[in-house]
1. With the radius of gyration and the Kirkwood radius both derived from the Cα set of region 15-58, what is their ratio Rg to Rh?
2. To the nearest 10 square angstrom, what accessible area does HIS69 show with a 1.4 Å probe?
3. Just name one of LEU14, GLY64, THR83: the one whose Cα is farthest towards the positive end of the charge dipole of region 12-84 (beta-carbon charges, Lys/Arg +1, Asp/Glu -1).
4. Just to check, using Stokes-Einstein with a Kirkwood Rh over alpha carbon pairs, what's the diffusion coefficient of region 1-97 at 25 °C and 0.890 mPa s in µm²/s?
5. Which loop-located GluC sites (Glu not before Pro) does region 16-114 contain, where loop means any DSSP state but H, G, I, E or B and the Cβ has at most 12 other Cβ atoms within 10 Å?
Amino acid sequence: MTTDDHLADCRARLAFDLLSNTWNPVLIWVLRSGPRRPRELRERIGGISPKVLTETLRRLESNGLVARHAYDEAPPRVEYELTALGRTLLGPIDAFGAWAFEHGDEVMAAQERTGGGADPVPSRPRLGPGRREAVETAGVRRGPAG
């Protein structure tokens, strides 16, 4: 590593930014099984508003991780699916979810010990019940490997 490794335009920060958004990894994980319509995504995930879903899908599309397919039908139909590039994030998201499953209770206990774990970046939720539900909804919760 050099001293330039954490500049705003470095690739590591780009990757962390992609995964640090609350909904990016959740949507990527849900799309792993194939194309889905927005309504299906909202039902599968839960807790995401149509506006936030649209913003997240647009962000993922602009980063080349998701492809949007609009069909000229009545009524109109739109589906989203992972691109090849988006599929490359499934491994890291799975690993991060496994880490959260294994260590989430420890993080929450530390937050409780320190008075709620004031987050230095207020726009990012700390790992709490809602965050745990998002991780579990995304399908990354699992028991011990067997």
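1. Radius of gyration relative to Kirkwood radius: 0.94.
2. It works out to around 60 Å².
3. Of the listed residues, the answer is LEU14.
4. 171
5. GLU73
The values are calculated or read from the model by the stated rules, or taken from the named source; none is laboratory data. Because the structure is a prediction, the values reported are computed rather than measured. No Cβ is skipped: glycine too gets one built from the backbone with ideal geometry, and neighbour counts run over all protein chains shown. Surface areas here come from the heavy atoms of the whole protein model, side chains and all, with no ligands, DNA or RNA. Shrake-Rupley method; radii C 1.70, N 1.55, O 1.52, S 1.80 Å.
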